[in-house]
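A quick write-up on the structure given underneath.
The values are calculated or read from the model by the stated rules, or taken from the named source; none is laboratory data. None of these values were measured; they are calculated from a predicted model. Remember, those area values only see protein heavy atoms, side chains included, never the ligands or the DNA or RNA. Shrake-Rupley method; radii C 1.70, N 1.55, O 1.52, S 1.80 Å.
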Amino acid sequence: MSLSIPRSVPVLMLFIACSISALATSVLVQERMSMLQKRLSLSEEQVTKMTPIVADHLQAMETIKQEYGIGASEGGFEKLPLGKKVQLGKALEQANVKANTQLEDILTVTQMREYQQVRTEDRQKLLNNLPTTP
């Protein structure tokens, strides 16, 4: 006796995986915006304008990490050849510049400065948590 999997099961599994990923991203965006709202003293209007930018930026960063194999399960930055490290740095910088350019129209100079401080802290946390090879 053989079991056959209905053709719709793989599609359903992909849909569920995408839904879980979208939900996780949504939660990350909400957490990030909550922290930024407090830290930067954002108005509701600023939060509304910033949320899609932050969501796009978080997604872009995650995509870049996956493309270069430095996600949580893929391995580490140290495993990348020098050329890939340079490409990774450029890709991350492009994503950051894009987000910063959009945020400059929303944030005050003081808020932008504080946002840059948050990003510096984020980079330091990332560097401290990168998997290392034995």
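Within region 100-134, if we keep just the residues that are acidic (Asp, Glu) and open to solvent by less than 70 Å² (accessible area, probe 1.4 Å), the residue that is modelled with the lowest pLDDT turns out to be Asp122.
Applying the condition of being open to solvent by 80 Å² or more (accessible area, probe 1.4 Å) and at pLDDT below 80 to region 17-52 and asking which residue is nearest to the chain's Cα centre (by Cα) yields Leu23. Candidates in region 65-99 are the residues that are of a type in the set (Val, Ile, Thr) and over 21 Å from Met33 (Cα atoms); of these, the one that is modelled with the lowest pLDDT is Ile70.
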